[in-house]
Structure formats: C-alpha cells, structure tokens
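Notes for the one structure printed next.
A short reminder: the numbers here are calculations on the coordinates, not readings from a lab. As the structure is a computational prediction, the values presented were derived from the model and not from experiment. Every residue, glycine among them, receives a Cβ derived from its backbone with ideal geometry; neighbour counts consider all protein chains shown.
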Amino acid sequence: MLTSLTLMDVQNLENGALAAVAGADSADEIERVRVEYLGRKSELKLALRDVRDRESGMALNTLRERLETAIDGREQELRRAELDRQLTQDVLDVTLPGEERRLGSLHPTTLTRRIVEDAFLGLGYEVIDDREVETVHYNFDQLAFPPAHPSRSHRDTFFIDPVRLLRTETSPSQIHVMEGKKPPIYMVSLGRVYRRDAPDATHFPIFHQFEGLAVDRDIKLADLKGTLRHVMRALFGDERQVRFRTHYFPFTEPSIEPDVSCPICDMRGCRMCKYTGWIELGGAGMVNPQVFVNVGIDPEEWTGFAFGCGIERAAQLRHGISEIRPFWENDLRVLRQF
Amino acid sequence: MRVPLSWLGDYVDLDIPLDDLAARLDTSTAVVAGIEHHGVSDDDGNLGLFRVGRVLEAKKHPNADRLQLCVVDVGESEPYQIVCGAWNFGTGATVAVALPGATLPGGLVLERRKLRGEESAGMILSEQELELGQDHTGIIVLDDGEPGTPLGDVLPLQDVVLDLEITGNRPDLLSVYGVAREVAALFRLDLASPPGRDPAPVGNELVDVTIEDFDGCPRYIGRLLRDVRIGPSPLWLRARLDAAGMRPISNVVDATNYVMLGLGNPLHAFDQTTLAGGKIVVRRARPGEKLRTLDGVERDLDPSDLMIADAERSIALAGIMGGEDTEISDQTTEVLLEAANFEPTGLWRTSERMRLRTEGSNRWEKGVDPYLAEQAAAWATELIVSLTGARFVGHTDAKGVLPERPVVRFRPEQASAFLGLEVAAEEQEDILTRLGNERRDGEYVVPTWRARDLVREVDLIEEVARFHLADVPFTLPVRREMYGRLDRAQRVRRRVEDTLASLGFSEVYTPSLVEQDRDERALRLQEPITVELALLRTELLPSLVETARRNAEVGNAPVALFEVARAYLPRGDAELPDERVRVAGVAEGGFLHVKGVVQALLRSLHADASWSRAQHPLLHPGKAAETEAGVVGELHPALLAGVWGAFELDLEELAGAARDPVPYEDVITYPAIHQDIAVSVGEDVEVGALVDAARSAAGPLLREARVFDVYRGEQVGPGKKSAAIHLTFQSPERTLTDEEAAELRGRIVTALAEDFGAELRA
Ligand SMILES: [Zn+2]
C-alpha cells in the first residue's frame, strides 16, 4: 500500500497541482509550479523515491505524467501568448515596396504571335517558321499571281536580283508545305515579311504576318468564316463580332477581307476604327484551284482556305498602339510596359 | 476610282440611301475608302444663298486700282454692291454670286464688310471657290440667265464622290459606267445603254493604221477629225473631271479623259499634222530608239516596248504615255483619235521598267475589254465634234482575232456546297444573269468585260458568294488526321525568350535590313528604300548595340536587351542564303555577368557547353569566349561607353544541345561527398582547363567540379594564382566510401600536377 501518501493525499495533490497550473499566468510561474510539484524535493518525487509496491508506483507515475502534460501544455500556451504580445510591437510598414527583382519583358509582337500560335495549336494546326529570302517562283508564280500584278513590281517588292526577293507575305511557306506532303494540311506560318513602304509613323517596310492554310475534303467558305472568327476572338475577346467583305487576292478565289468589331471602343467609334466601329484586318479566301494544280494537289478532290494578317497590326489593336513606330524603336520605357 | 454620284446617276437611277449604296458596294464589290461631299454644302438653306446675278454696273474701285466695284442684281428688290478682284467681265455680265451668310466649300463664311472704304455684300465667284475647277484667273461668266435663279440650277454646285478601291481583277469597275452596271446588278435596277452615239462621218478620208504586232495590240481604231478648235472645256465637263480627280487640260484631251473615266478605255489624241507620213504604225521599239514623253523625260526604249509610231519614228509609249512631239497644242486643228486595245503583260513590263504609271497604264495592265474600243471611239468622237466643232472625216478599225466570250460550266449545287450555304438555283441564276452572264444549258457565257476574270466554275461561285457573304454561316472544318504541336525548336525558342525575360532582359525587334555588315558578301537589295535598310544582316549584335546605345542615351538604365531573329548567311551567287535563327543580347555589366546570363540560359535548356577563348571584332580582345552555339563576351570598349556584355547564339545549335526530356538521376538514395581543393598554377592556366582535367581524371563519379575562388597574392607567389575547386563525388548505385573519395581526389591532384604543374595548397 501507499506509504507516505495516501490515496486521498494523491487526489488532493493532483487537485492542488492542477489549480496551480491553471493559475500560473507567466513562464516564471509555471516554472515555479513545475519545481514545486515535480522538482527533486517535491512531495511526489519524494514519495516516488520511497515507493515499494508496484501498484503505488504505477499510480504515482501516472500522476506524474498527467502533471507533466498539464504543465507542458500550460507552458506552451503561455509562451505563445507571450510571443503574440511581443509581435504586437513588431510592426512593419507593409506598404513599403518589396525588394527589387529585375524582370525583363517580351515584345508585344511576341506576345501576339504566341496567342495566334496557341489558338491554332488548339485547332490542330502545325506552326511553321519558314525562310524569308524567297524566289519569284515561290513568292509569286506558284501562288498564281498574274504576270502584271503590282506586287511583282520593284516599287512594291525588295528584289536581290531578278530571281531572289524578300518574301512579301508568308504564303510561300504554304507552297513549301503543300509540295512536301499530301493533304489534309492544317498549318499556320508566322514570320517577317517585306514590302517597299517608306518608313513613317504608321508604316515600316518590315513586319510580321501570320498566315494559315487548311486543305481537306469538303472545306467550305463557312469553315473559313468560323475559323477566322475563332482567331479574332482569341486575339480580341470572345465578344468580338466579325464580318466579311469581297476582295481580291491572286491565290484565293473567292477572296474576302474580315472586319472585326473594334476592340478599342467596342463599336462606339474611336480614332482606331475611324469612327466606323469596324477594323479591317487581314485577308482570306478559298484556295485558288490554280495554286493546287501548281503544287500537284487535285482541286476536284481537295478544297481549302487560306488567310493572313499582320501581327503588329493585331498587337496594335490588342494594346491600343496607334503607330507602328514603337514596334521598331525598342525604347525600354515602352517595352517595360509589357 | 473616284465616282461622282451625279455622273453615276446618268446611267442608273440612284434612288437608294447613300449609306446603303456604300455598304453594299463595300461588302460585295470594292472597299469604299471614302465618301466625299464635294462642293457647296446644302445645310441650313446655304444653297439658297448662291444665285445667278447680273452686273448692272462695274467700275474701278475709287480707292484701289486692282478692284472693281460692282452693282449686281440677284433677283431681289435692291441690287447688291460687291467688290471684286477680277476683270474678266463688265457691265451686263451674268455671274455667279454668293450672298452674305453663305458658306463656301472651303468653309469660309461670307460677311458684309468694307473693302477699302466701300461695302461689299457677298462675292462674285470663281471656279476655284466653288471647287468646280482650278481656274482662279477670273470669275465665272455664265451664259444668259435670269437674275435670282438658284445657282445650283445652272452649275453643278455639289456632288458626292465615292472613293472605291478597285481590285486588280475588276478593271471593268475602273469606269463610272462599269460601277453603274455593278450597282444595277446589286440593287436590281435598270441600266442605261452605254454612253456615246457615234456621229456620222462627213468624209471618207483614209486613216492609215498598220498593226505589226497583234499580240501587243489586238485592235486599233483610228479616227480623223479636222477643223478642231482647241479651247477650254465647258464647266460641266471640267467639274466632273475635277470631281473624279483629273485635271482639266483642253477640250480634246478632256474629252479623251472623260471617256476613259466613263467607260474604262484609255484613249489618246495626236496632232495629225505632226505625224510623219500621216500614218500610225503599232510596232515594237527599234534598238537604240528614244522617245521624249509628255512629261518631258527622254526615254531609252527597249525592243520589247510596244510603241505607236508614224512612218519614221516612235511617237507614243503604247497605252502608257504620248510623246511630246505629237501632243495636242493650242494650235492643233487636225486630230487623230486613238481608241485601241493593248495586251496587259508587256505593257506592264514597260511601265515597270520605266517606273512610269499613268491612269492609262493602270487600266491596261489589268486587262481592258477589247470590245470596248468601238464604244469609246464613238463617244469620244461625239464629244470632240460637239465641243470643238470638228468634222469627223475618217475612220479605220484595224484588228486581229478578238477573243471569244468564255463559256463556263456551272453547277448550283456545287456552289451551295462550296459556300456551306444553301442558295436556291433560281437565285443563283438570277445573280449571274444580272451580272451579264447568259445561261446556255448547264453553262454560262461570260460578258466580254469580265472575260479575263470569269473562266472557271469557281469564278462564277465567287459571284454568288459575294452577293450572299453575310448569309454564309460560321463553322469549323470537320477535321481528319491532324494534330497541332510546337516542335522542339519552337519550344526552345519560347523557353529562351521566357528565360531571358525572367533574367531582366527586354525583348526587342530590330530590322533585318542594315546599312552595313561585316560580311562583304551580305545580300544587297537592288533598290533599297533608304540607305539604312540596304543589306540583309549576317549577325544580330550590331543592331542590338545600336539599340542599347539609343536607350542608354535617353537614360533608360539599366539596359538589358535581347532579340530572337534570323541572320542571313550568303552562300553561292544565285543561291538562297542560309537563314539561321539566332538569339542575341546586350546588357550592362562585365564578362562574368553576361556569361552568367548565358549559363543560366543554357541551364534552363539543360544544355552543356564548353568554352574557349575567342576573337570577335565587336568584343573585347581579351574577354570573349565561344562555344559551338556562338559567342559571349564583353563588348569592345570602343563601341559603347561603360562596361557591357554581349552574346549571340544559334538557336538550332542550342536546341540540339538541349536535353529534352531531362534524364532522371538518383541523387537522393546514396549521399554525395563534398570536398574542396585549392591548387596554385601559372597565371596563364585557364580554370576551365583545370576542371576539364579533373573530370577526365575522376570519371563519372565526379558529379560536379566548380571553381569558386581564384586568389592571387604573396602566399601564392608572383606569376601564379590559386584556384579553389569544389568537388562533389556521387554514385547513383551505391554509397561512396571516404576511401574511394580520397582516391578520386588523389587522382585529380595528380593529374593537375602532371598537366599544369599544379601544387596542392589545401
Ligand atoms: Zn473603335
């Protein structure tokens, strides 16, 4: 049986200890409570030292564990409360700027190029980046440009010699792809093109274009309209409307020109859309059967559509840049906005 | 093509709201680039202030020698006193008057005011003030008219001009009548017969025309007119030419221009008396032949140029421009009128070679209907006879075989399928018929004015399409067997762009055309538009340096730029260049800074590179390194003030070196052993060589060897340096023992000692 502590004493000791733990309201006090009830000279320790029977030992050890748990728990509470109290004094002006991490920027032409690439990847098109120095054969002849088409002129096109020139549109890459494989073909080609425009605020003789081509069985004019609307919406927002006008390009028949509802003013009228609510953007059409014949595709079996659009022009509309100049000036004050 | 609506209204009843007309043309026919209100505005009764007036009295202004003081009856109870600066009229003249309060076409509002002490109430008008023509030398003197008559009743005071952008396939629309025909088809209107009634000739004189080259000139109608009196054209004609954008010259020339604008067939008039032998020969130019054209330029002719000649010499560049010697002058009394047809391609080549483009060549090069010449000749003859009092005394029509009208198979169901829109067969037939095609069984006979454009079924489908463009639905192709993805090079390009942007670089786009290039074989444009854009660059760095300089100059620090673009490396003379996609960058900071950027770039691609010393004209001679993909270095100090780093790397090489997918290595299961060594070596030993030697000595168990410090000082001694190298040994298969690591380290130390005389310091 218990020797120095009776059962009643154990109960009292526990009650007293727990009351002391609950009453302790600082780290120092809880430490005093620990010494008083669990220290080397505490009643419990002395009793434990004197214990002889297993039963008493177990009871006292259980009490010790309970007291330790209670004291540790209270100590943690108190330390946490103390920390919280200290932290109320540790206040920083959180509106101060964070440490500078220098980030660069991607050019708006690249940002727009990627939107176009991703839109067409989603439609299952392959992305092509093709050569820029071309031949008259690929830039004009294979694309069914009539012999007297103004684009063949030295006034409009940069020639290196009578055979070699800087491509005037990305379409030669369509010819390369069609010569290289059988339909079905779904491709979009992106890159630099060259026209002999004198540089000014709104013109530069070099610009970027994206140009797509789909060749398959039963491709319809309606498919072209739907595809162009998809791309316009990817570029300018899902609420854009698209309309079409008749046009003429040598490599398409019929040819159409898309207009997109002005993304700057949402058709209320602004400088960008010349107060018409519509923006002329790119050209398109059903592939001229002569082009198919030129590359050895049977126009009775396959039909297709093609479309093209300036990337800077699309970027202008996305960001509201009224001039071409900033695209080639590369002023960091401008570039860092993007 | 500028189309005055007053003129268009001669051929088709324009009872259509202007906006509808423009919108319909814009959708189905040609871009409407502008709608221009020409002449006097009719807002707020403005037109009522323009009247016919009679000059009751005209005398010199008492205080000004150059002014006339006029009293003018404008149909009101009291006449108006108007001061006028012109002297080409006098008492009794019928004139055009604008009253006080009137707004002139230029925007000027007239007020009563005093001029040199005399009141002037309104203005006696000249052509220029009414935008009727360029003549401002005198006021308009009208034929008789009742004072007070609205001026709009006797003069074309206002007009609306549609500015249409006619596409190359529709030369038939480069004429007012052609546009009228299109409008009639679009709106189901009646169309007047083509303008011009041929007057009966009053003689049967010989017009000597010989066509030597029917390929270039399938047809030549020549007409002889005598007793021509050259003078200015009447106001109505000048006003129409002016509204259509052509400058009036003289009655004969104006008549030919008017017919060209009206029907689309360019004409020419020669002074018959200047033609040697009085004859016309259509032939190619002779070797060495020259011609001074109307613009005063002496032109060297090529034997491929089609010429109009007389018995001795060339007198006109066929279809493009007449010659100075034979042009109509004030003294001309005999006119040879040319209404011909010229083949487009050859004419275009001549116009292109001579850099000479005219209203005429613009039409010919697109292909003019050869059947049009007859009507054009008739109308021009009618006009010249009526305007100049000439006698039409001779006619000839020389022609080769003119082309038949094309017959084109057409299946309405095919058209519906092609459009993705069901259009009833009757509706399709109606459209095609309204456009002048004649149905014959399952085929259509195309009108002569569309014979070049409508030759295949798809061309007729286009005609249906443009009438129903807005009705075609929006669908996507029912795709088969195609999948889209970026290829490896494209993924690497995006990765490179993103990494450099994350490292603080801003992307730029610089012109691929430059003023000069290091490579003297760089491709040169035949006709650059400016000297700055003349050569295809063989490297990107010079453009980036220039861009960096401009940014530094305006204080855009810190400057860090990169570009991904092509370099055009010349190959053989006739060959296309090798186009290499490169990434180049320029940034403030020294060699190690920029090399750190390139290392980060390589790490982002999981690509390895070994570097060796390089020489590059744009880079510091002692601080430039190269690897297979390109160069990195400090910019040559002569190029830019301050210390700058630069690199230019081939993207395809980078893509080749990139590890994708990255092979997994177990670096967790068996711990790595880290050791540092420091060795002293001669100053000329490159640390890269130490690392390479360490690698080959230790083999694959040396996972990493990185130089982390280079020290020079007394403890090392003169001419020497100490390199501290961090070594990491690790095996993916087992735990390395300390003994193994010590052995590997020993091998490295031995190798460094043997290869470089390195002494171990720690
Ligand atoms: Zn707008």
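Residues of segment B:488-507 with an amide N closer than 19 Å to a point placed 7 Å from the Cα of A:L111 along the Cα-to-Cβ direction: B:494-507. Listed by chain and number, the lysines whose alpha-carbon sits under 20 Å from that of B:K59, ignoring those within fewer than 8 places in the same chain, are B:K114. GNM remark for chain A: springs join alpha carbons under 10 Å apart, and the peak mean-square fluctuation among A:E211, A:E100, A:E77 falls on A:E77.
Rounded to whole Å, give me the distance from the Cα center of segment B:476-490 to that of segment A:138-154. So the two Cα centres are separated by 30 Å.
Along its principal axes, segment B:673-760 has C-alpha extents of 44, 19, 19 angstrom, given from the largest down.
Do any trypsin sites (Lys or Arg not before Pro) in segment A:141-205 lie in a loop, going by DSSP, with at most 15 other beta-carbon atoms within 10 Å of their beta carbon, and if so which? Intermediate values should be presented prior to the final figure.
Values: sites: A:R152, A:R155, A:R164, A:R167, A:K181, A:R192, A:R195, A:R196; in loops: A:R155, A:R167, A:K181, A:R195, A:R196.
The qualifying sites are A:R155, A:K181.
The modelled label-to-label distance for the pair B:D660/A:M8, using points 7 Å beyond Cα in the direction of Cβ, is 8.6 nm. With coordinates expressed along the principal axes, the C-alpha atoms belonging to chain A extend over 122, 47, 41 Å, beginning with the largest. Shown here for segment B:309-359: GluC sites (Glu not before Pro) in loop regions (DSSP other than H, G, I, E, B) with at most 12 other Cβ atoms within 10 Å, namely B:E312. At a Förster distance of 56 Å, what's the computed FRET efficiency of B:E78 paired with B:R405, Cβ-Cβ distance as r, to 0.05? My answer for the efficiency is 0.25.
Distances longer than 16 Å among the Cα atoms of segment B:197-258: what percent of all pairs is that?
On the way: 1173 of 1891 pairs.
The answer is 62 percent, as a whole percent.
Principal-axis analysis of the Cα atoms of chain B puts helix B:176-187 at an angle of about 80° to the longest axis.
Here the translational diffusion coefficient of segment B:1-53 follows from Stokes-Einstein with Rh set to the Kirkwood radius across Cα pairs; for 20 °C and 1.002 mPa s it amounts to 161 µm²/s. Counting only other chain Cβ atoms within 10 Å of each residue's Cβ, the peptide A:211-223 averages 5. Residue-wise HN-Hα couplings along segment B:719-733, as the Karplus relation 6.51 cos²θ - 1.76 cosθ + 1.60 with θ = phi - 60° gives them from phi, are x, 10, 9, 10, 10, 9, 10, 8, 10, 10, 9, 7, 10, x, 10 Hz; Gly and Pro carry x. For a straight C-alpha distance cut-off of 28 angstrom, the lysines reachable from B:K720 (same-chain residues fewer than eight places away being disregarded) are B:K595, B:K623. Helix B:18-28 and the long axis of chain B differ in direction by around 50°, with both axes built from C-alpha atoms. In summary, the convex hull built on the alpha carbon positions of segment B:43-156 has an orientation-averaged projected area of 6.7 nm².
All alpha carbon pair distances within chain B were sorted into 20 Å bins beginning at 0; the resulting P(r) in whole percents reads 12, 26, 26, 19, 12, 5, 0. All C-alpha pair distances within segment B:62-124, sorted into 5 Å bins from zero, spread as 4, 17, 28, 26, 19, 6, 0 percent across the bins. A P(r) calculated from all alpha carbon pairs of segment B:389-475, with 5 Å bins opening at zero, reads 3, 13, 23, 18, 11, 8, 6, 5, 5, 4, 2, 1, 0 percent. In chain A, the calculated helix contribution to ellipticity at 222 nm averages -12500 deg cm²/dmol per residue, counting -39,500 (n - 2.57) for every DSSP H run with n ≥ 4. Just to verify a number: FRET efficiency for B:S610 and B:L294, C-beta to C-beta distance, R0 = 56 Å, to 0.05? Using R0 = 56 Å, I get an efficiency of 0.20.
Taking Cα atoms only, the orientation of helix B:251-263 departs from the longest principal axis of chain B by about 60 degrees. If you wrap segment B:252-311 in the convex hull of its Cα atoms and look at it from every side, the mean projected area works out to 5.0 nm².
For the protein assembly as shown, the average shadow cast by the Cα convex hull is 75.0 nm², which is a quarter of the hull's surface.
The value given for segment B:475-612 is a Kirkwood hydrodynamic radius of 17.4 Å, derived from the mean inverse Cα-Cα separation.
Between segment B:546-578 and segment B:241-258, what's the alpha-carbon centroid distance in Å? Each part reduced to its Cα centre gives a spacing of 51 Å.
Taking each DSSP H run with n ≥ 4 as -39500 (n - 2.57) and averaging over every residue of chain B yields -7500 deg cm²/dmol at 222 nm. Cross-link pairs exceeding 32 Å between alpha carbons, from the set B:K366/B:K399; A:K182/B:K366; A:K182/A:K274; A:K181/A:K220; B:K279/B:K366: A:K182/B:K366; A:K182/A:K274.
Just report the Cα centroid separation between segment B:298-329 and segment A:229-258, whole Å. What the calculation gives is 45 Å, centre to centre. For segment B:342-386, the list of trypsin sites (Lys or Arg not before Pro) that fall in a loop by DSSP and count at most 12 other C-beta atoms within 10 angstrom reads B:R355. For a quick check, take a GNM of chain A with Cα springs below 10 Å and name the residue from A:L92, A:L38, A:L123 with the largest mean-square fluctuation. Answer for the Gaussian network model of chain A: A:L38.
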